[in-house]
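In what follows, a structure is listed as structure tokens, so that the remarks can point back to it.
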Amino acid sequence: MNISISLTEIGSELHAKLTGEIDAYTAPQVKESLHPYAEKAGVKMIVDLTDVSYMDSTGLGVFVGLFKKLKSENGNLILTGLSDRLKRLFEITGLADVMNVNTEVEGGV
Amino acid sequence: MREAFDYIEMKIPAMPEYVGVIRLTLSGIASRMGFTYDLIDDLKIAVSEAITNAVQHAYKKDEGGEVVVGFGLYQDRLEVMVADSGKSFDINKARDEIGPYNENSQIEFLREGGLGLYLIESLMDEVKIHQNEGVTVFMTKYLEGEQVERNVETIST
């Protein structure tokens, strides 16, 4: 019922790895740690969701907010490592068509 | 004769840190009843959304309060009731603001909230919402779960 967030900055890329559950309690923590990076110009934010065991609309809201902010600053948001369950959540809500949602974890960091 | 069922009820403070506690209880109840892993996950999201709505509403107005969650365990289905503590919100307005995104949505107009009710209705087999002084959401999930698959297909096309 908690989330841990690890961040690695490589040039203009931010790699974020989230572990745990994203819900009404933890979504604000995710937003607070990632939003400051989205405000810089041209950031490519890569978020690894492999170890996210639960997510609901509160998490979707955070990623929509990040996506909007990054796009407005000519940046990009890439979500990786989504389980079938998470993929389904993005598909039901129509977000999969709007955002860049990958299911493979990007290798070779 | 009335249909036999077991009833379990919990009352939590209207605070986000307790949504996960209900999810744990719900997982226990649903797996006890024989729901599959996927259906349990649908239930977890739908019930969390209902509680989150109640909690966020109470929070916005800084009124505190409690959320009551009741589980009715029937032979063929689980009924979940989520009731907030009498702080009303405008359900019609909330309904207008729900719904999926579509690919033509302009990025700057994407909503960052309002998907909760939509997800509840997509993931559960039956949903009823009563509004008096507070809001009570009644949700039903059948053990076979065929109905929801049909619903989701309709929505995604």
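Observations, loosely collected:
- Counting only residues that are within 21 Å of residue A:52 (Cα to Cα) and assigned to a helix (DSSP H, G or I), the stretch B:32-45 holds 9 of them.
- Considered as a group, the residues in the stretch B:47-71 that are touching a strand residue (DSSP E or B) at 6+ places or on another chain (Cβ under 6 Å) and within 11 Å of chain A (Cβ to nearest Cβ) include one that is modelled with the lowest pLDDT, and that residue is B:54.
- Once the stretch A:1-34 is narrowed to residues that are farther than 21 Å from residue B:44 by Cα, among the charged types (D, E, K, R) and more than 12 Å from the chain's Cα centre (by Cα), the residue that is surrounded by the most Cβ atoms within 10 Å (Cβ to Cβ) is A:13.
- Across the stretch A:36-86, the number of residues qualifying as charged (D, E, K, R), surrounded by 15 or more Cβ atoms within 10 Å (Cβ to Cβ), within 13 Å of chain B (Cβ to nearest Cβ) and more than 17 Å from residue A:3 (Cβ to Cβ) comes to 3.
- Check on residue B:9, in a loop (DSSP other than H, G, I, E, B) and loosely packed, with under 14 Cβ neighbours inside 10 Å: no
- In the stretch A:47-101, the residues that are in contact with a strand residue (DSSP E or B) (Cβ under 7 Å, 6 or more places away or on another chain), within 17 Å of residue A:24 (Cβ to Cβ) and of a type in the set (Gly, Ala, Ser): A:53, A:59
- Single condition residue B:130 does not satisfy, out of (1) assigned to a strand (DSSP E or B); (2) modelled with pLDDT of 90 or more: (2)
- Any hit, the stretch B:72-88, residues being modelled with pLDDT under 65 and either surrounded by fewer than 15 Cβ atoms within 10 Å (Cβ to Cβ) or in contact with a strand residue (DSSP E or B) (Cβ under 7 Å, 6 or more places away or on another chain) (or both): yes
The values are calculated or read from the model by the stated rules, or taken from the named source; none is laboratory data. All figures in this text were calculated on a predicted structure; none of them were measured in a lab. So basically every Cβ, Gly included, is an ideal-geometry build from the backbone, and we count neighbours across all protein chains shown.
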